[in-house]
Amino acid sequence: MSDIGDDLQLTCSFCNRGSDEVNSLIAGQDVYICDYCIADAQVILDDSETSQPKVKSPRKAKRKTPKRLLLPKQIKKKLDEYVIGQEDAKKSLAVAVYNHYKRIESDQFVTDYHDVEIEKSNVLLLGPSGTGKTLLARTLARILNVPFSISDATALTEAGYVGEDVETILSNLLSAAEFEVQDAERGIIFIDEVDKIARKSHNASITRDVSGEGVQQALLKVLEGTVAGVPPKGGRKHPEQSLVNIDTRGILFICGGAFEGLSEIIARRLNVNHIGFTSNPEQKVTNHDLTIFEKVEPEDLVQYGLIPELIGRLPIASGLSPLSDDEMMQILTEPKNAIVRQFQKLFALDGVKLVYDEAALRCVVERARALGTGARGLRSVLEQSMLNIMFEIPSIKDVGVCRISEETIKQGTPPIYEKRKASA
């Protein structure tokens, strides 16, 4: 294309202005456009860009690096502030997270192993309900300065069926990263209830297992590392949107599940040789063993219903044991967001000091143990026991201290109130 000078025979193909009415004409193939139309077109383009939400380009995105790469011991110490017990699981997560970011940044350092490619190690957390799997994942989100998202595997279905596609979990991470693709490619995804996508039956079936084995097959490439086309607003509801490509090789996946019934499979395998004269009854393992999930092997997970290919992409399997009574007592009082501290803050907002007797807390632990829901049962018991007290106490005047006794928890008797001391 070229600029055309003062030729009176030429006109703009868009506005019909002559060459003597404009500053310049730009020639195309049998067409011309003047500088006025070019300026008008630029205004239209600018208005169009500002009126539509944009997914930021990975080339323009600023990398959101952690403020400081925490050492494994430092990560575990941070987890200890919020999570009681589960030492092995916390060590596994601390090492996995530390190695994950060392692996991502490894291309910045020159070493003798420049030809060695480090593969990522995704983590599988196994344990009964209420042992802290989701809490561990949420606490990591507080510790790390990286995008973090939690997705539920129960909503996933095989591609082409009603439900959410596997790419939805990447959409959640992209949203958590504020649509910065380069940040999302360094994030962490926690997939909860992964045991619910176990194969429904070992026998051949005439129907497709679209929410079980089908989802496992769809997860394989995403867990291992692939470039996936992700709809930023979700798939089927917005089919007109363009896909965003996300490389999952730098994303760490943490999967968690209760795996109800897995303990029986592990116990059966461990006790298979406990028959005959050479057997030792004292070594027999029951499915009620507190550490039985720490003895899990890949063959147990295959028998439970996970396909071998998926197990191979989750090389770190860490078992969480049921909480003891002492650990549940610690959960009530010691963490930064302990349940008792939360109730004490609620009462303090009304100017009342809330005090629990140790016998009352022991009673809470006993009742929560009977519910069989782990640490979640602690809050259920306290909420039920404190309901009438929280209903009455804002209307009672001059209350300075509210003391909860064992009888209050067991029998629902009123607490002991102490009057507020008169200020001098």
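Laboratory data are not the source of any read-out in this text; all were calculated from the coordinates shown. This one's a predicted model, so the numbers in the text were calculated from it and none came from an experiment. Using ideal geometry, Cβ is built from the backbone for each residue, glycine included, and neighbour counts are taken over all protein chains shown.
Numbers below:
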item: Distance between modelled label sites at Gln342 and Arg142, nm, 7 Å Cα→Cβ extension; result: 1.2 nm
item: Residues Gln384 and Glu309, FRET efficiency given R0 of 35 Å [Cβ-Cβ distance, rounded to 0.05]; result: 0.20
item: Under 5 Å, built H, 5+ apart or other chain: amide partners of Val230; result: Val244, Asn245, Ile246
item: Potential lengthening between Leu371 and Asp152 on full extension [0.36 nm per residue; Cα-Cα distance subtracted]; result: 76.4 nm
item: Fully extended contour minus Cα-Cα distance, from Glu21 to Asp40, at 0.36 nm per residue; result: 5.2 nm
item: 5 angstrom amide H check on Cys255, placed H, neighbours 5+ away; result: Val123, Leu124, Leu125, Ile191
item: Globularity ratio of region 330-370, using Cα Rg and 2.2 N^0.38 Å; result: 1.22
item: Estimated distance in nm for a label pair at Lys295 and Glu117, the labels positioned 7 Å out from Cα along Cα-to-Cβ; result: 3.9 nm
item: 14 Å beta-carbon shell around Gly351, net charge (K/R +1, D/E -1); result: +3
item: Phi-based couplings in Hz for region 165-179 (Karplus 6.51, -1.76, 1.60; Gly and Pro marked x); result: 6, 4, 5, 4, 5, 6, 4, 5, 5, 4, 5, 5, 8, 6, 6
item: Built amide H within the under 5 Å cut-off of Tyr32, gap 5+; result: Ser13
item: Inter-label distance for Ile416 and Val302, nm, one decimal - labels placed 7 Å from Cα along Cα-to-Cβ; result: 6.2 nm
item: Stretch gain in nm, segment Thr226-Asp350, where the contour uses 0.36 nm per residue and the Cα spacing is subtracted; result: 39.2 nm
item: Pairs from Lys345/Lys419; Lys345/Lys421; Lys78/Lys221; Lys336/Lys410 whose Cα-Cα separation, in the structure shown, is over 23 Å; result: Lys78/Lys221; Lys336/Lys410
